[in-house]
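Worksheet: one structure, shown below.
The values are calculated or read from the model by the stated rules, or taken from the named source; none is laboratory data. All figures in this text were calculated on a predicted structure; none of them were measured in a lab. Heads up, the Cβs are rebuilt from the backbone with ideal geometry, glycines too, and the neighbour counts pull from every protein chain shown.
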Amino acid sequence: MTKNKQLLTWLDEMTELCKPDKIIWIDGSDEQRDALRAEACRTGEMIKLNEEKLPGCYLHRTAVNDVARVEGRTFICTRKKEDCGTINNWLDPVECYATLKKLYCGAMQGRTMYVIPYSMGIVGSEFAKYGIELTDSIYVVLNMLIMTRVGNDVLDAIGENGEFIKGLHSKATLDEKNRYICHFPEDNAIWSVNSGYGGNVLLGKKCFALRIASWLGRKEGWMAEHMLILGVEYPNGDIKYVTAAFPSACGKTNLAMMIPPEIFRKKGYKVWTVGDDIAWLRIGKDGRLYAMNPENGFFGVAPGTNDKSNPNALATCQEGAIFTNVCHNLDDNTVWWEGLDNNPPHNANNWRGEKWDYTKYDKADKIGTSGAHPNSRFTAKATNCPCLSSEFNNPEGVPVTAMIFGGRRAKTAPLVYQSTSWQNGTFVGSIMASETTAAAAGAIGVVRRDPMAMRPFVGYDMGDYWHHWLEMGTKIPHAPKIFHVNWFRTDDEGNFIWPGYGENFRVVLWILARCAGEVDADITPIGYVPKAEDIDIEGLDGVTLDTIRSLLTVDRESWLTDVENIKDFYKSIGDRVPDAMWDELAALEARLSK
Ligand code: OXD
Ligand code: MN
């Protein structure tokens, strides 16, 4: 298989520790994948779905106590605690290895250990990075085969002496109290134990492509970001690319695959998806910033995905997909989730696998009464996506014109604004936040600050991460412009004012027009805000110029309240917050108070 000594020695050690009955190397072939699918169906780990309606698709249910990423059990294990930072959970690496070894000891007895060689990025390309995941879960293997590029060519690319990220995963006993998702950035290692849920166990995704990669990016002068990448094609054939970071469950996949409103489609505008979750960003030879999607598939949230909100995502998961924790329609052996359509199946099992009565559904107790778990997922190949960019497999990535940050804010943030510089844009990213909206009219929920949507994903100190952003800004000759959007402003009754989804295209067009120097803007204390008439609302029912004006207001009082919240947040991060960020905050406060 390989002559890489580091790999073979590590494999020996891990085998000795976990004591699997046998070892299978994953070669990336269809034959092996099909055999593993059949095996998973034999053991009950997967259910084969209706071959006519959902060819090559499977259903999987995780344990009921294991349905989401567990931030409280996710650790960064650096030798010095300060390097991990105050937001991440820290464990001393020596102690952590010792604790985890006890959990892994013999954990694969009676099981097979699968060796998955995978690549983040195009195998053999300059920017690709490689990993080996050892796991005792066929579900993990089958998901990794969709989400990453897997196979013998990865072993060839690693070669005899090449580097790779060493990932060890065991479901062990799925014991919640002993669940650990641990990152050892100084050792290029990830150890995950006692979980079987995607984000905790598909080690190429959040663990490698964000936490470990953000560490590597800082060391090597590039960036790993929680960002979608999309291209906007103009009627003349020009394509401009933007990246966007939103906290989890704020519609990144929807924006990445959005369909422009009909009026724009008729004129010849198109949107192309490069990525929906992660972007690796490097400075290109021409001095622009290039974004590449290191993944090979989508791990999307199912509920709410429908032929209006995201028809492209729906089309993407019709073939070769794995559905996790969705509702099983027993009449035709297909799947269903809340928000798919208004026809819940009458003869179905819920995400737990129990008989489901759709009439008992209660919004206030979604987890207890829904057919699909609110965090149920589809895993689907990128190449299934009808709007996949022709640049998806370009190892260089695509040049980025604009970067967009966003949050879910009921009142504070306007529909869109532009930062005044890279430093100010870094500040805008650092103060990103989302609110949980209360059901009561107009009520505003709790603010969670989620800088650059990276709060759970930066593999080191947040202040150092902002330093890295600032430093990158000094090195990119033609840096993208940085913007902030908020699709979620509400009226006094708590209704969303902006229609969102495909209509967001109108805002993206303004952003790109700004970058091209084609439109003017008003300067406000928070940055540049559009002139209402520059947001194209042609053909948009129910939205007038006045609606746009109200969406663009900057309410000084709520911003000043926010400033106080940001001060506390910065203090909680500690000494490493760059002075430039404190200066930006002070300047914002001064402008707001004027
Ligand atoms: C995801 C997340 O699964 O951000 O992408 O939680
Ligand atoms: Mn994500």
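Data for the structure
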| item | result |
| --- | --- |
| Residue in the range 563-577 that is over 27 Å from Cys84 (Cβ atoms) and of a type in the set (A, V, I, L, M, F, W, C) present | yes |
| Counted residues, the range 360-391 - those being of a type in the set (A, V, I, L, M, F, W, C), out of contact with any helix residue (DSSP H, G or I) (no Cβ under 6 Å at 6 or more places or on another chain) and in a loop (DSSP other than H, G, I, E, B) | 1 |
| Count of residues meeting criterion [surrounded by 15 or more Cβ atoms within 10 Å (Cβ to Cβ), more than 21 Å from Gly527 (Cα to Cα) and of a type in the set (S, T, N, Q)] in the range 470-500 | 1 |
| Count of residues meeting criterion [under 19 Å from Pro530 (Cα atoms) and in contact (Cβ under 8 Å) with a residue 24 or more places away in the chain] in the range 491-515 | 16 |
| Check on Asp286, in contact with a helix residue (DSSP H, G or I) (Cβ under 7 Å, 6 or more places away or on another chain) and either more than 21 Å from Gly397 (Cβ to Cβ) or outside the structural domain of Tyr114 (by TED's automatic domain parsing) (or both) | no |
| Members of the range 226-285 that are more than 14 Å from ligand 2 (Cβ to nearest atom), touching a residue at least 60 places away in the same chain (Cβ under 8 Å) and assigned to a helix (DSSP H, G or I) | Glu262, Ile263, Phe264 |
| Residue in the range 271-280 that is within 25 Å of Trp466 (Cβ to Cβ), aliphatic (A, V, I, L, M) and within 16 Å of ligand 1 (Cβ to nearest atom) present | yes |
| Test: residue in the range 220-231 that is within 16 Å of ligand 1 (Cβ to nearest atom) and aromatic (Phe, Trp, Tyr) | no |
| Search result, residues across the range 190-205 that are touching a Lys or Arg at 6+ places or on another chain (Cβ under 8 Å) and either more than 16 Å from ligand 2 (Cβ to nearest atom) or within 27 Å of Ile511 (Cβ to Cβ) (or both) | Ile190, Val193, Asn194, Ser195, Gly196 |
| Checking Lys80 against (1) within 19 Å of His183 (Cβ to Cβ); (2) surrounded by fewer than 17 Cβ atoms within 10 Å (Cβ to Cβ); (3) at pLDDT below 95, the condition it does not meet | (3) |
